[in-house]
Amino acid sequence: MSDILKELGDILEQRKSADADSSYVSSLYAKGLNKILEKVGEEATETILAAKDAETSGDNSDLIYETADLWFHSLIALSHLGEKPEAVLNELQRRFGLSGLDEKAARG
């Protein structure tokens, strides 16, 4: 599974130097962080709405589709700021064995 994220991270990195007219990702990089974050927010909203619909319908297909869009645009934001998908995977791995309640209490 992490191979897919690594491959995607490599592609996102390549798109940084591509012509903005040649790819969607390149055009987002050219428009800057605010546009990328606007897309992340849009996809987050669409994911929330899809989850609400899925609860009612029992069909998770739109939720999966929108979550993929959210993850994708989040990875673009990370890449724009110089991070690779592995950084998120490392953070998730760091959290294994930690109680969510203990971790939240430590932040407060």
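The values are calculated or read from the model by the stated rules, or taken from the named source; none is laboratory data. What you are looking at is a predicted structure, and each value in this text was computed from that prediction instead of being measured. As a convention, Cβ positions derive from the backbone with ideal geometry for all residues, glycine included, and neighbour counts pool all protein chains shown. We work out accessible area using only protein heavy atoms, side chains counted, and drop any ligands, DNA or RNA first. Shrake-Rupley method; radii C 1.70, N 1.55, O 1.52, S 1.80 Å.
What number comes out for accessible area per residue over the chain if the probe is 1.4 Å? Units Å², please.
71 Å²
Round to a whole number: what % of the accessible area of the chain belongs to carbon and sulfur, probe 1.4 Å?
Heavy-atom surface of the chain belonging to carbon and sulfur, 1.4 Å probe: 56 percent.
In this model, which of Lys35/Lys104; Lys39/Lys84; Lys52/Lys104; Lys6/Lys104 are farther than 22 Å apart at the alpha-carbon?
In this structure, Lys35/Lys104; Lys52/Lys104; Lys6/Lys104 lie more than 22 Å apart at Cα.
Which of the GluC sites (Glu not before Pro) found in segment 58-100 are in a DSSP loop and have at most 16 neighbouring Cβ atoms, other than their own, within 10 Å?
When the GluC sites (Glu not before Pro) of segment 58-100 are filtered for loop state and at most 16 Cβ neighbours within 10 Å, Glu83 remain.
What chymotrypsin sites (Phe, Trp or Tyr not before Pro) in segment 24-108 are in a loop by DSSP, with at most 13 other Cβ atoms within 10 Å of the Cβ?
Hits after loop and neighbour filter: Phe96.
Compute, for the chain, the length of the dipole vector about the Cα centre, with Cβ point charges of +1 (Lys, Arg) and -1 (Asp, Glu) only. Units Debye, rounded to 20.
Roughly 500 debye for the chain.
Given only helices, namely DSSP H runs of n ≥ 4 each adding -39500 (n - 2.57), what is the per-residue ellipticity at 222 nm of the chain, to the nearest 500 deg cm²/dmol?
-26000 deg cm²/dmol
Please name whichever of Phe72, Gln93, Ala54 sits farthest to the positive end of the charge dipole of the chain, dipole taken about the Cα centre and charges placed at Cβ: Lys and Arg +1, Asp and Glu -1.
Gln93
Around His80, with a cut-off of 13 angstrom between Cβ atoms, what is the net charge of the other residues, counting Lys and Arg +1 and Asp and Glu -1?
Result for the local shell: +3.
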